[in-house]
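The numbers here are math on the coordinates, done by the rules we state, and not lab data. Every value quoted in this text rests on a predicted model; they were computed, and no experiment measured them. Because the Cβ atoms are built from the backbone with ideal geometry, glycine has one as well, and the counts that use them run over all protein chains shown.
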Amino acid sequence: MIKFNKPQNLNGLELINELKAAGVSIEKPPLIDGNDNFWLEVDSADEAKVAAVVAAHNGTTIASEPTPADKLTAAGLTVDELKAVLGLN
């Protein structure tokens, strides 16, 4: 296993696909240890190629579902204003 700089927006599946597209053989998913170190099991002969792919990686992140409070804020309302409108105060 070789240690690399962890990408800010890491998407393991996308990174594996990018590595395979670059001709790097990888079978195991990336590993982040307890010290937040980023490891990949790749051939040491591919280390420079892998480092370039990892450095260029910007994975897709999935936005979380907004909470009801987030939705109210987006509509310009507070929870207290909604309660007042609904007569729950």
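In this structure, is Leu19 among the aliphatic types (A, V, I, L, M), without any contact (Cβ under 8 Å) to a residue 40 or more places away in the chain and surrounded by 13 or more Cβ atoms within 10 Å (Cβ to Cβ)? Yes: the conditions hold for Leu19. Output the residue which, of all residues in the range 25-70 that are surrounded by 12 or more Cβ atoms within 10 Å (Cβ to Cβ) and small (Gly, Ala, Ser), is farthest from Met1 (Cα to Cα). Applying the filter and picking the extreme gives Ala69.
Scanning the range 73-86 for any residue that is at positive phi and of a type in the set (Gly, Ala, Ser) turns up at least one such residue.
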